[in-house]
Amino acid sequence: MKNFTSVHDVPSIDELVIKALSYKTTPFIDKSLGAGKRIGLLFLNPSMRTRLSTQIAAQNLGMEPIVFNVGQEGWALEFEDEAIMSGSTVEHVKDAAPIMGNYFDILAIRTFPSLKNREDDYSELYIKQFIKYAGIPVVSLESATLHPLQSLTDIITITESLKKKPLPAGKKPKIVLTWAPHVKPLPQCVANSFSQWVNAWGQADFVITHPEDYELDEQFTKGATITHNQDEALKDADFVYVKNWSTFKDYGKIYTNDPEWMLTNKKLAVTNNAKVMHCLPVRRNVELSDEILDGLNSIVTQEASNRVWAAQAVLSEILESLK
Amino acid sequence: MKNFTSVHDVPSIDELVIKALSYKTTPFIDKSLGAGKRIGLLFLNPSMRTRLSTQIAAQNLGMEPIVFNVGQEGWALEFEDEAIMSGSTVEHVKDAAPIMGNYFDILAIRTFPSLKNREDDYSELYIKQFIKYAGIPVVSLESATLHPLQSLTDIITITESLKKKPLPAGKKPKIVLTWAPHVKPLPQCVANSFSQWVNAWGQADFVITHPEDYELDEQFTKGATITHNQDEALKDADFVYVKNWSTFKDYGKIYTNDPEWMLTNKKLAVTNNAKVMHCLPVRRNVELSDEILDGLNSIVTQEASNRVWAAQAVLSEILESLK
Amino acid sequence: MKNFTSVHDVPSIDELVIKALSYKTTPFIDKSLGAGKRIGLLFLNPSMRTRLSTQIAAQNLGMEPIVFNVGQEGWALEFEDEAIMSGSTVEHVKDAAPIMGNYFDILAIRTFPSLKNREDDYSELYIKQFIKYAGIPVVSLESATLHPLQSLTDIITITESLKKKPLPAGKKPKIVLTWAPHVKPLPQCVANSFSQWVNAWGQADFVITHPEDYELDEQFTKGATITHNQDEALKDADFVYVKNWSTFKDYGKIYTNDPEWMLTNKKLAVTNNAKVMHCLPVRRNVELSDEILDGLNSIVTQEASNRVWAAQAVLSEILESLK
């Protein structure tokens, strides 16, 4: 693996999941793999789990991680080609990225979408420019439209869960991605990425449910069953993935915040005692109820904790490719 | 020792002081104790000495410290149970803390009081919630009402000073905690904590002096002599601890800023050539005069430098308990 | 070498350059030199290259670097002697620096000028106070008037370039420092420092060109040929160093932003196929045109990448002096 920006960079999801779960058992087994190697973790936006887990994963592999909060500690970057930089951006990615490429062995980057211009966000200009100019492997720590480290974690956690409590032989798990209310317009990244990975994984009966006009980009959801009827979708589900996103078509809007879409134990009753997942941070009693988050069905802590092993498997693959 | 949030977590102050002073002589003697262990240093508020000294202490013990400025690099946390999170907080401590507990072996946290609601601050909700949900040892890097790492440093520094220049046999040192003027309403933490530790240590004649209506919480001061007459208090003092705090009863107010309360060499004349202490940062010529801070009686640099050994002794005890 | 704040701290520029270039070949050869040693990197202002390269250099030498963003993570420092600190500054350098001196083995500091009061800025109060009170070696990561790590990198890069493509025997390289337009008033640091180092190095024909009234401080430029005619200056140049600075005499102003001063390929035609340098960050198409930055003459990436070896050579010299 050279870069890690979407499921398309992954030769085998299953092998990556096995690698991650093996690191969970023996975190320090590849401590020498990253010796003398450095990873730069560049944050253009805030992060908690992603930052900490990737930093820890790098240390587990013997690498030296350096965290850099670009906007706060440095200055605003320019990404447009041929820009006349007389405004607020101070440095062009064309100039910054190659230097990062010389300072580091791997570059990991978090960039959020503007949610103002769909074409711009979906062009993934920021991360593409870093890949173009850095000259070293680039890892997405969440980009404008995708969050692949989160999705890998999700597949790892589902796999782990199915191992622990297997389904009847031959039965595919039913995985439901359900929209949830939120107070702010959020990116589509996590939902896009989860859809992309579950589809590529191909080992589930995959249903997406959301209010009208909240359709996601088809390039990610194609293959899933899509319905506006949440109760129908939840029926017999083995896993329910809860997530808010803003509208895709009429871009970045909130059309409804119907609290009826918040998952409760009552709604969960029609599932197959489903495990409930969320990428976190979660707004309690807005997106997800206390009763679910504090109950036995929630696996959000396990999911977030697996972020370390997901990142470690990815960095390990990239380090192997650098040998 | 499991957690370290107040003097009540400490089986023996004297043994902890001896351990700290031993690390001062041989900083790297326990370099292997923390190998493969990680400490998360979470700052909900700014810090200089505490952050640097704890980070250094952890490294001295072979641990990997990861500093995380929660508000700046991440997002605002919610601490109230059953909160409907439709406001400005983005993640509940119930969700964040268990993940920290999986990422780290020890969690250290700094949280300041609001100074708006006494009951809330004195309930120590923030640090208690972290202890409740993290599932790993928690170290206070200063909480709403206490600053135990500072107080341990203070006792270390007093012990060191008494060793260097012992008092006549059988004579207890007279330690005076004196209020000082300041331009802003400050927490009572350092004064509370110093009182709590000196009382628990029990090896001093302890006097607290402050203007009227600046009484501290009795749960910490009980056992000390309290007076509004600073000159009287300073008489024959061996150590003078200078600190501002805002009012406790009519909570978080400034009643007076009488510059007469600022310690000067003239005031110091009635002491037993007392050593002057302050936790820093100090507002020069407001809280404490240049002549004292730059003079021979000040031991504030020694005191601040001892922060490393205080933190190292505490982390070492906790690491031992994890074996 | 004890401190590193200007070229005056350097016994031999050539030897330091040789050391740096040797580290470029074998970065980890002195990994044991800094074992058990700690460097504090204090930023009173933003930084990208300087922070990352110095952190990496310290790690290459086996030191533990601790980055601290003073204003963001800590609080505002006071530098004036005898200040009555009832304003916005929270801690005096007199109190902070000696503690840093106890926490660290080397202290590195970035401070920018105010550009409001020339005497204040040119007194270099901030870095001088740190040197006075820290009691350990101090490295400038750019100060109010100078940027010596940048200038060392520049001489390293010029030396490297001349080795790769030597000039005819006996011919000195012609080095031109040219002013460039910018949207904001910038410090004179980089231009001052480059002038000081090229003059001290003494191995070039050195020309400075800028619009009228943009004269730099003579203490740094003395020895160079100074002209307002950019075309004349560029003639037969081997190296062109591009940099904006604000006025020195009528301090901190922008008098002109004449885009005619921006370097283009057309202007470069009269040079001896000159290499183009810039300290970065650079405002594209304001300070320097895309065609130059993206063309074969630009060596700005090489220059910025050499920052690691410059810092490593300096830290190595200081570590040697601590033995």
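What follows is calculated from the coordinates using simple rules that are stated; it is not laboratory data. Keep in mind the model is a prediction, meaning the values are calculated, not measured. Note that we place each Cβ from the backbone using ideal geometry, even for glycine, and neighbour counts take in every protein chain shown.
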- Task: Count neighbours as other Cβ atoms within 10 Å of each site's Cβ, and list the GluC sites (Glu not before Pro) in the stretch A:1-94 that are DSSP loop with at most 11 such neighbours.
- Result: A:Glu82
- Please tell me which of these pairs span more than 19 angstrom C-alpha to C-alpha: B:Lys184/B:Lys253; C:Lys19/C:Lys174; C:Lys249/C:Lys275? C:Lys19/C:Lys174; C:Lys249/C:Lys275
- Sorted by Cβ density within 10 Å, fewest first, the residues C:His8, C:His147: C:His8, C:His147
- With eigenvalues of the C-alpha gyration tensor scaled by 5 and rooted, the stretch A:1-124, Å: 30, 18, 13
- For the stretch C:149-304, how big is the tail of P(r) above 23 Å, as a whole percent of Cα pairs? 29 percent
- Could you tell me how many degrees, from 0 to 90 and to the nearest 10, lie between the Cα long axis of helix A:307-322 and the main elongation axis, the longest principal axis, of the Cα atoms of chain A? 40 degrees
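When N counts the residues of the stretch C:202-258, how does its alpha-carbon radius of gyration compare numerically with 2.2 N^0.38 Å, as a ratio? Let's see the in-between values first.
On the way: Rg = 11.8 Å, N = 57, 2.2 N^0.38 = 10.2 Å.
That works out to 1.16 for the stretch C:202-258.
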- Degrees, to the nearest 10: A:13-25 long Cα axis against longest axis of chain A: 80 degrees
- Label-point separation in nm, C:Asn45 to B:Lys165, each point 7 Å along Cα→Cβ: 4.3 nm
- Note on the structure: Taking a crude spin-label model, label points 7 Å out from Cα along the C-beta direction, the C:Asp250 to A:Gln203 distance in nm is 7.4 nm
- Task: Enumerate by residue number the chymotrypsin sites (Phe, Trp or Tyr not before Pro) in the stretch A:23-115 meeting two conditions: DSSP loop (anything except H, G, I, E, B), and at most 10 other Cβ atoms within 10 Å of the site's Cβ.
- Result: none
- Residue by residue through the stretch A:164-171, which ³J(HN,Hα) values in whole Hz follow from phi under the Karplus form 6.51 cos²θ - 1.76 cosθ + 1.60 (θ = phi - 60°), with glycine and proline marked x? 5, 9, x, 7, x, 3, x, 8
- Among A:Glu119, B:Glu160, rank each residue by its count of other Cβ atoms within 10 Å, from fewest to most, as a rough exposure measure. A:Glu119, B:Glu160
- For the stretch A:150-304, with only Lys/Arg (+1) and Asp/Glu (-1) charged at the beta-carbon, what is the dipole magnitude about the Cα centre, in debye rounded to 20? 460 debye
- How far is it, in nm, from the label point at A:Glu320 to the one at B:Asp213 when both lie 7 Å from their Cα along the line to the Cβ? 7.2 nm
- Task: Report, in degrees rounded to the nearest 10, the 0 to 90 angle that the Cα long axis of helix C:125-134 makes with the longest principal axis of chain C.
- Result: 40 degrees
- With a 30 Å threshold on alpha-carbon distance, the violating pairs from A:Lys37/C:Lys164; A:Lys37/A:Lys94; C:Lys24/C:Lys243; A:Lys24/A:Lys266; A:Lys171/A:Lys267 are A:Lys24/A:Lys266
- Unit-weight point scatterers at every alpha-carbon of the protein assembly as shown, Debye formula, q = 0.05, 0.06, 0.07 1/Å: log10 I(q)/I(0) is -0.34, -0.49, -0.67
- Message: List the residues, sorted by chain then number, that are 5 or more residues from A:Leu288 or on another chain and whose placed amide H is less than 5 Å from its amide H.
- Response: A:Arg283
- Query: If we count other beta carbons within 10 Å of each Cβ, what is the order of B:Thr247, B:Thr227, B:Thr153, fewest first?
  - Reply: B:Thr227, B:Thr247, B:Thr153
